[in-house]
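All remarks here apply to the structure that follows.
The values are calculated or read from the model by the stated rules, or taken from the named source; none is laboratory data. Bear in mind that the values here come from a model prediction, so they are computed numbers and not experimental data. Backbone-built Cβ (ideal geometry, glycine too); neighbour counts: all protein chains shown.
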Amino acid sequence: MIRISNIQLFVLIIVFEIGSTTLFALGIGAKQDAWIVVLLAAFIGLCLVWAYTQIPKYYTNKNFSEVLDDVVGKKVAVPLLLLFSIYFYSQSTYNFFEFGVLIKMTALPQTPLIVILYLFIIVIIYILYLGFEVLARTAEILLPYFLIFLIIIYILTLFSGQFDFDALKPVLGNGIQPVLEELPISIGFPFGEIVLFLMFWHFVQDQKFIRRNAFFAVGLSALLLIISLIVMISVLGTELAANSEIPLLDTILVINIAQIITNLDSVAVFIMFIGGFYKTALHFYGFSLVTAWLFNRKNTKLFMIFFGLLLPFVTINRFQGLDYQRWLGVGNSTYIIPLIALIPVFLLVIIYIKKRKEGR
């Protein structure tokens, strides 16, 4: 029986929500008000977390497949599981491609992308083969370093001489419309993606504290994302932040304190590695779990090996380049992820109605 602690759940949500998100300027279409976009998206994300964490209160220690069977019946549960399976595998390719390309651009420019992807998928398969608890423990070990590096970047940029708070003014200078236009994308990515954790609630040892830990994790993630946006915009300006492929990397490269503290691009590589690795691994494990439920198998290892070794090939052939992948990702975050994220909300309404009837 797989069991993870509440601390490990907290850690996994943070590395998943932040993931590679800090590398990009979320909501930058709203220019200097991008941080407001993320703030509003985080509030809606917390509402989704409330809905998602209400389900295990009704179905303690039940996996998502068992919940679906009870709520909507087997005939509806199977198509829904298939939909989630396709969605999780699709998200794995997005994260995997982005992760591989950024590593190639910054750390391994001479290495073929397919080689980078296969190296990392082998590591992901090996860790997941050992067990979900192992993935949770590695995240628990690496998260402090991840957060320390982020905080160091924030502090160093303040002393870089390039930090300008005036870049954040005027607040709502273009009105509320640009903020509202950017909002759906930021709700979908990264907050709507928290729907993945519905597959993992039943692994948590103490079910009573799932909501509390999920709320704290999403709240902290949102705070870090807002700070990252403020730093990027204050250092690069809205135009450069919007047009840069990796704005966090460009922000880090600006840091030059007394010609001593400089060339910190390796820090960005570390952040990319941690964020991309866990986001890909968690989406892929969610896919493996749902696929095993579809075929009534308790063991996910065969699915992990087969579809894991297939993942780099599918990823390479799906995306023509990083620009194309991001263009598809915008549409995905605007429409598909919010749609998937709302399915459990409708399930919760059905559960509530059924429980009230049973109460009578």
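The residues of region 317-328 that are assigned to a helix (DSSP H, G or I) and in contact with a helix residue (DSSP H, G or I) (Cβ under 6 Å, 6 or more places away or on another chain), listed by number, are R318, L322, Q325. Apart from one condition, L26 fits all of (1) in contact with a helix residue (DSSP H, G or I) (Cβ under 6 Å, 6 or more places away or on another chain); (2) within 30 Å of E239 (Cβ to Cβ); (3) modelled with pLDDT of 90 or more; (4) not basic (K, R); the exception is (3).
Here L113 does not qualify as over 21 Å from the mean Cα position of the chain (by Cα), at pLDDT below 90 and farther than 20 Å from S5 by Cα.
Output the helices (runs of 4 or more DSSP H) that fall wholly within region 84-190 and possess 1 or more residues being free of Cβ contacts under 8 Å to residues at least 60 places away in the same chain and more than 26 Å from L46 (Cα to Cα), or say none. Quick ask: steps written out before the conclusion?
Details: elements: 113-130, 132-158, 177-188.
By residue number, 113-130, 132-158.
Among all positions in region 205-213, there is no residue which is under 19 Å from W50 (Cα atoms), touching a Gly at 6+ places or on another chain (Cβ under 9 Å) and touching a residue at least 40 places away in the same chain (Cβ under 8 Å).
Inside region 164-188, residues that are more than 17 Å from the chain's Cα centre (by Cα) and either over 20 Å from L225 (Cα atoms) or buried (at least 17 other Cβ atoms within 10 Å of the Cβ) (or both) make up a count of 11. Applying the condition of being of a type in the set (A, V, I, L, M) and surrounded by 23 or more Cβ atoms within 10 Å (Cβ to Cβ) to region 219-229 and asking which residue is farthest from the chain's Cα centre (by Cα) yields L229. Among the candidates V330, V269, single out the residue that is touching a residue at least 24 places away in the same chain (Cβ under 8 Å) and out of contact with any Ser or Thr (no Cβ under 9 Å at 6 or more places or on another chain). Exactly one residue qualifies, and that residue is V330. Residues that are surrounded by fewer than 24 Cβ atoms within 10 Å (Cβ to Cβ), farther than 21 Å from N63 by Cβ and touching a residue at least 12 places away in the same chain (Cβ under 8 Å) within region 272-307 comprise F273, I274, G276, I305, listed in sequence order.
Per the listing N296, N332, N317, the residue uniquely within 27 Å of V11 (Cα to Cα) and either more than 18 Å from the chain's Cα centre (by Cα) or polar (S, T, N, Q) (or both) is N332. Listed conditions (1) within 16 Å of the chain's Cα centre (by Cα); (2) surrounded by fewer than 22 Cβ atoms within 10 Å (Cβ to Cβ); (3) closer than 30 Å to T251 by Cβ are all met by Y89, apart from (3).
I want to confirm something. Restricting to region 36-56 and keeping residues that are of a type outside the set (G, A, S) and buried (at least 24 other Cβ atoms within 10 Å of the Cβ), which single residue is farthest from L68 (Cα to Cα)?
Filtering region 36-56 down to residues of a type outside the set (G, A, S) leaves 36-40, 43-44, 46-50, 52-56.
Right, trim to buried (at least 24 other Cβ atoms within 10 Å of the Cβ) and you get 37-38.
Working: V37: 33, V38: 32 Å.
This residue is V37.
Based on this model, can you work out whether P79 counts as on the phi < 0 side of the Ramachandran plot and not in a loop (DSSP other than H, G, I, E, B)? Spelling it out, P79 is indeed on the phi < 0 side of the Ramachandran plot and not in a loop (DSSP other than H, G, I, E, B).
Do we have G100 as of a type outside the set (K, R), surrounded by 15 or more Cβ atoms within 10 Å (Cβ to Cβ) and closer than 30 Å to L264 by Cβ here? Steps first, please.
Details: of a type outside the set (K, R): yes; surrounded by 15 or more Cβ atoms within 10 Å (Cβ to Cβ): yes; closer than 30 Å to L264 by Cβ: yes.
Spelling it out, G100 is indeed of a type outside the set (K, R), surrounded by 15 or more Cβ atoms within 10 Å (Cβ to Cβ) and closer than 30 Å to L264 by Cβ.
For region 305-333, enumerate the residues that are of a type in the set (G, A, S) and under 17 Å from F189 (Cα atoms). Across region 305-333, the qualifying residues are G329, G331, S333.
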